[in-house]
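Asker: Okay, handing you the structure first.
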Amino acid sequence: MAIQSSIKDVVEATYLDELFGFVMDITRDSSVEGSVNYLYSLFHHLDVYEVRNAISHPNRPFWDCYWYRVASIASDPVNEVLGLDGIKEALAAAESGKISDPPEEWVNKIIWQIPNNLPDIFDHGLTGLIGRSKELSELKKFISNRRVNTIALVAPGGAGKTALALDLLNSIVSSPKFTKYVDAVVYCSMKTEKLTSEGVISLDAAETIDELKVNILESINEIFDECYSDIESAIQAKEDLNVLLCVDNLETLLRDNHDAFEELNFSLPSNWKVLVTSRVAISNSTIMSLESLKEKSAVHLARTYISKRGGADLENEEYIKLTKSCFYNPLAIRLTLDLVLVGKDVPSSLNVANKEIAEFS
């Protein structure tokens, strides 16, 4: 926080600083913490407090530079990352000289966004990614390192591999700085089952190497609005691009045909990167093994999840005991709380969740 030179400066900056203080407390240890801190630094570097004060006092002049400072923040992609779409709408209306809704495509389309086929809704969207800031930062370094070609997120079921991968990819496609390293993101899921509080749900996903190739081909056609008939043609056409290919739940393939994936990986252009999530390690890759959440992060996740689901808040000791009994596994925590929210007691909910997780893994 910037040091204020007088009591008057402190008073004039207080409201915005307090607002940012609340937001930073709420988002601490979450995937958007870095974005909030970045926005906070913009407010300070561009001295938006001075702009706010000029607007609040009619007798103060409103210099042209004030408009450009605010417009700089309003046009920054960090607003899209934080879901603050209304700011972009307001800027578009101001630039057009009228207060009216801008064309829908202006609001919904991020012109510079890296082409991708990421899902619109993430399973962890309710709480956001919690407790993985260190891993997220490390993965971004791997993506920026041209000497790293294949990255594997390895952990047991329910540890949050998919959540971390999707949060990483969403951050990449929404950050202009990554356009230096990534031209497109291709996401393919091999997750054939999903564990919920109501049991295991079957999903329609690729299971064989041929099905994965078809999935990659269809994704490339979708992202680039092309109609390649085979994966070889698609890859050859995009061989000069820096494509980041993510294959989620690769163990589905590794279990039956480990060599098939290696052959596919070796056939890709040298400037393509591959990110996989798997319950088992893969050879010839940079491996990141996900550890269990720390107790503090696990409690934060549980408290946030139950709040977002509209449940009654528990005592802190209850959260500590519950998350410890779940071995700080994110999926086990959510499943346990889902059962608690429908009226089951905590001990039986824990037994069911941990049993399901063990079988699922």
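The values are calculated or read from the model by the stated rules, or taken from the named source; none is laboratory data. Note that the structure is a prediction, hence the values are computed from the model and not measured. Neighbour counts are summed over all protein chains in view; Cβ atoms, including those assigned to glycine, are modelled from backbone coordinates with ideal geometry. With ligands, DNA and RNA removed, areas are computed over all heavy atoms of the protein, side chains included. Shrake-Rupley method; radii C 1.70, N 1.55, O 1.52, S 1.80 Å.
Asker: What does the charge add up to near Asp183, with Lys and Arg as +1, Asp and Glu as -1, over the other residues with Cβ less than 12 Å from its Cβ? Write out the running numbers ahead of the final one.
Answerer: Values: positive: Lys180, Lys238, Lys273; negative: Glu239, Asp240.
Surrounding charge for Asp183 is +1.
Asker: Give me the Å³ per residue figure for the convex hull around the C-alpha atoms of the chain. Could the numbers behind the result be given before it?
Answerer: Numbers: hull volume 63.0 nm³, N = 361.
Enclosed volume per residue, from the Cα hull, is 174 Å³.
Asker: Something else about it: If R₀ is 41 angstrom, what is the calculated FRET efficiency for the pair Asn53 and Ser307, using the beta carbon separation as r and rounding to 0.05?
Answerer: On the way: r = 35 Å, r/R0 = 0.86.
The pair Asn53/Ser307 has a calculated efficiency of 0.70.
Asker: Starting from the Cα of Asn316, step 7 Å along the direction of its Cβ; do the same at Asp85; then give the gap between the two resulting points in nm.
Answerer: 3.8 nm
Asker: Further, regarding this structure: Stretched out fully, how many nm does the piece from Asn284 to Ala237 gain, at 0.36 nm a residue minus the Cα gap?
Answerer: On the way: separation 47, 0.36 × 47 = 16.92 nm, distance 2.56 nm.
Using 0.36 nm per residue and subtracting the Cα-Cα distance, I get 14.4 nm.
Asker: If you don't mind, another one. Considering only protein heavy atoms and a probe of 1.4 Å, how much of the accessible area of the chain is carbon and sulfur, as a whole percent? It would help to have the intermediate numbers written out before the result.
Answerer: Numbers: 10200 of 19460 Å².
Carbon with sulfur: 52 percent of the solvent-accessible area.
Asker: Evaluate the charge dipole of the chain about its Cα centre and quote only its size in Debye, nearest 20, assuming +1 on the Cβ of each Lys and Arg and -1 on the Cβ of each Asp and Glu.
Answerer: Dipole size: approximately 1180 debye.
Asker: Mean residue ellipticity at 222 nm from the helices of the chain, using -39,500 (n - 2.57) per DSSP H segment of n ≥ 4 over the full residue count, to the nearest 500 deg cm²/dmol?
Answerer: Values: 17 runs with 187 residues, N = 361.
For the chain, the value works out to -15500 deg cm²/dmol.
Asker: Amide H neighbours of Leu245 under 5 Å, counting only residues 5+ apart in sequence or on other chains, H built in-plane at 1.01 Å?
Answerer: Val186, Lys273, Val274, Leu275
Asker: From the phi angles alone, apply the Karplus equation (6.51, -1.76, 1.60; θ = phi - 60°) to the stretch 206-223 and give each ³J(HN,Hα) in whole Hz, x where the residue is Gly or Pro.
Answerer: Karplus-based 3J(HN,Hα) across the stretch 206-223 equals 5, 10, 10, 5, 5, 5, 5, 4, 5, 4, 5, 4, 5, 5, 4, 4, 5, 5 Hz.
Asker: For Ile287, enumerate residues with amide H under 5 Å from its amide H, sequence gap 5+ or separate chain, H modeled in the peptide plane.
Answerer: Answer set, sorted by chain and number: Ala152.
Asker: Under a crude label model (7 Å from the Cα following the beta-carbon direction), how far is Asn145 from Tyr38 in nanometres?
Answerer: 2.1 nm
Asker: What is the set of long-range amide H partners of Glu207 at a cut-off below 5 Å, with H atoms built 1.01 Å from backbone N?
Answerer: The answer is Leu212.
Asker: Can you say what percent of the DSSP beta bridges in the chain, counting only those with both residues inside, are antiparallel? Round to 5. Intermediate results must be reported in sequence, preceding the final value.
Answerer: Working: 5 of 25 bridges.
Antiparallel bridges: around 20 percent, rounded to the nearest 5.
Asker: Please give the contour-minus-distance gain from Asp123 to Ser229: 0.36 nm per residue of separation, less the Cα-Cα distance, rounded to one decimal in nm. Don't jump to the answer; show the numbers that get you there.
Answerer: Numbers: separation 106, 0.36 × 106 = 38.16 nm, distance 3.21 nm.
Computed gain between Asp123 and Ser229 is 34.9 nm.
Asker: What pairs from Lys273/Lys324; Lys180/Lys294; Lys191/Lys321; Lys88/Lys177; Lys294/Lys355 go past 25 Å between their alpha carbons?
Answerer: Values: Lys273/Lys324 37 Å; Lys180/Lys294 34 Å; Lys191/Lys321 31 Å; Lys88/Lys177 20 Å; Lys294/Lys355 22 Å.
Lys273/Lys324; Lys180/Lys294; Lys191/Lys321, as the Cα separations exceed 25 Å there.
Asker: Once label points are set 7 Å from the Cα along Cα→Cβ at both Phe62 and Ser75, what is their separation, rounded to one decimal in nm?
Answerer: 1.9 nm
Asker: Using θ = phi - 60° and the Karplus curve 6.51 cos²θ - 1.76 cosθ + 1.60, what whole-Hz ³J(HN,Hα) does each residue of the stretch 170-184 get, with Gly and Pro shown as x?
Answerer: Computed from phi, the couplings for the stretch 170-184 are 5, 5, 5, 5, 9, 10, x, 5, 7, 5, 6, 10, 10, 9, 7 Hz.
Asker: Through the Karplus equation 6.51 cos²θ - 1.76 cosθ + 1.60, θ set to phi - 60°, convert the phi angles of the stretch 248-260 into ³J(HN,Hα) values in whole Hz; use x for Gly and Pro.
Answerer: Karplus-based 3J(HN,Hα) across the stretch 248-260 equals 8, 6, 5, 4, 4, 8, 4, 4, 10, 8, 5, 5, 4 Hz.
Asker: Can you give the FRET efficiency to the nearest 0.05 for Ile26 and Glu207, using r as the Cβ-Cβ distance and R₀ = 41 Å? Don't jump to the answer; show the numbers that get you there.
Answerer: Working: r = 40 Å, r/R0 = 0.99.
With R0 = 41 Å, the Cβ-Cβ based efficiency is 0.50.
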